[in-house]
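Beneath this line is the structure, given in structure tokens, with notes to follow.
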Amino acid sequence: MENILIVDDEKNYPTIIGEILQEEGYTSLTASSGMEALDILNNDLIDLVLTDVKMPGMSGIQLLEKIKEINPDIPVIIMTAYGSVEKAVDAMHKGAYTFILKPFENQALIAHIAKAISVYRIVQENNILRDAIQSRYKFDNIIGKSKPMQEIYELIKKVAPSNASVLIEGESGTGKELVAKSIHYNSLRRNKPLIAVNCSAFAETLLESELFGHEKGAFTGASALKKGRFEMSDKGSLFLDEVGELPISLQVKLLRVIQERTIERVGGTISIPVDFRLIAATNKNLENEVKEGRFREDLYYRLNVVKAVIPPLRDRSEDIPLLIRHFIDKYTKGNLSSGNVSEIHPEAVKILCDYQWKGNVRELENIIERCVILCNSDIITPSDFPLQVRQNMSITIELEGIPESAGLSETLAAVEKRMIQRAMKLSGDVQTKAAQLLGIGKSGLNQKLKKFNLDK
């Protein structure tokens, strides 16, 4: 039930309005002065303020200004007589939702209140969503205790409050976009948009329109004016992903935008000022691209004010257990819940730490999500891994712990027994899973268990 504060120095009006609001399901509180209203606002949850313009001590407009200092989002409706319409219009310029003339129709008042509260609810939901997004990209949500990741953390922390351009380099799947979002949502521009564009996802002609926008009739199919990503990111940040894929012709135009901070839409002649923070990312070594003549040197130095190089996952294996835990929680809790997994076998963790991770963090996340969905128990074992991981694991099993002095027959028997023992251990003594790990049928495994007296 919404709480509405009625502020009026006339005794009858608050009472009458309160009765009207009560019939519509609202709760009303009343104040006879601006100071009394402010005291209520500081102690109660108020969803809308309905105030008269003319009041002794503090006018309705002065009260409006104070309310906006307390909560800029709360809607304020001004009540005024015909002679004070000019003041009401002034109140609108200062943030009032609307004004209503006394005497007013009850239904007109209710309609204004209902619409104002509806807008307020949407604003509140957007604020909650924005806060959730910002919380997601806090510095401490960048997972990693390794030295390279701690260095990245400190770099982001220092550069985020500035307006400096940032170039993020790293292999595909290392988390370049996460770093870009962390920079934006910890900057002074965090309440403005972060606009992203993948430079490799569009043909050259389409990419120019995506970046710069176009005027109506600029080319066949341009049936309406379209703002580009530069305009959309005004007062916010622009994230150019895979910037190394930009054609030379667009590199020239990007350089001009960075220098002049103005753009012209495709088919247009008017210079439009733009104010954005530029963050770029690439999986290429742009220094080498410059040497090979595929990337402009002057643009490279414009982008490379601050460089963040994200290490591949194989170079920071100590972060893998943390990431595993994070992804298990991600896919077993909240809206993304898709399984009952709660733990992962220590041997499975070791195998993942030894894996080469050509797809980096993205590949690890995909594997954990797959395991959570397909795992038949509450613990992930190596048998739940996809084939490419199990193949890597098998090499480790075959070579581990074999004495150099052992004869061939002894070695083969020892290897076979050790592989079976370890497969049973890794599978939690589930023969079907152990057989999968070994690449043999269940009946074949039973025979070998009997052969080595492991079936007891």
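Before moving on, here are some points about what is shown:
- Rounded to the nearest 10 degrees, the angle from helix 34-43 to the longest Cα principal axis of the chain is 20 degrees.
- With Cα atoms, 0 to 90° folded angle of helix 12-23 axis to the chain main axis: 40
- Highest average packing first - 256-267, 166-177, 241-252, Cβ atoms within 10 Å: 166-177, 241-252, 256-267
- Sorting the segments 337-343, 309-315 by their residues' average number of neighbouring beta-carbon atoms within 10 angstrom, most packed first, yields 309-315, 337-343.
- Pairwise label distance in nanometres, Glu416 with Ser342, each label 7 Å out on the Cα-Cβ vector: 4.0
- Label point at Ser200 placed 7 Å out along Cα→Cβ; residues across the range 147-178 whose backbone nitrogen lies under 12 Å: 170-174
- Peptides 438-449, 224-235, 47-58 ordered by packing proxy, namely the average of other Cβ atoms within 10 Å per residue, highest first: 47-58, 224-235, 438-449.
- The gain in end-to-end length when the Asn3 to Asn288 segment is fully stretched comes to 96.3 nm, 0.36 nm per residue minus the alpha carbon separation.
- Per-residue ellipticity at 222 nm computed for the chain from its helices equals -15000 deg cm²/dmol, with DSSP H segments shorter than 4 residues left out and the rest contributing -39,500 (n - 2.57).
- Set of lysines with alpha-carbon distance to Lys11 below 24 Å, sequence-local pairs under 8 removed: Lys54, Lys66, Lys87, Lys102
- Counted residue by residue at 0.36 nm each, then reduced by the alpha carbon distance between them, the extension gain from Ser32 to Asn191 reaches 53.6 nm.
- Straight Cα distances below 30 angstrom link Lys450 to the lysines Lys350, Lys417, Lys425, Lys433, Lys442, with same-chain residues fewer than 8 positions distant left out.
- The modelled label-to-label distance for the pair Leu454/Asn304, using points 7 Å beyond Cα in the direction of Cβ, is 5.4 nm.
- Zero-based 20 Å bins, Cα pair distances in the chain, whole percents: 19, 32, 32, 14, 4, 0
Every number in this text was worked out from the coordinates using simple rules, so none of it is lab data. Computed from a prediction, not measured in an experiment: that's the story for all the values here. So basically every Cβ, Gly included, is an ideal-geometry build from the backbone, and we count neighbours across all protein chains shown.
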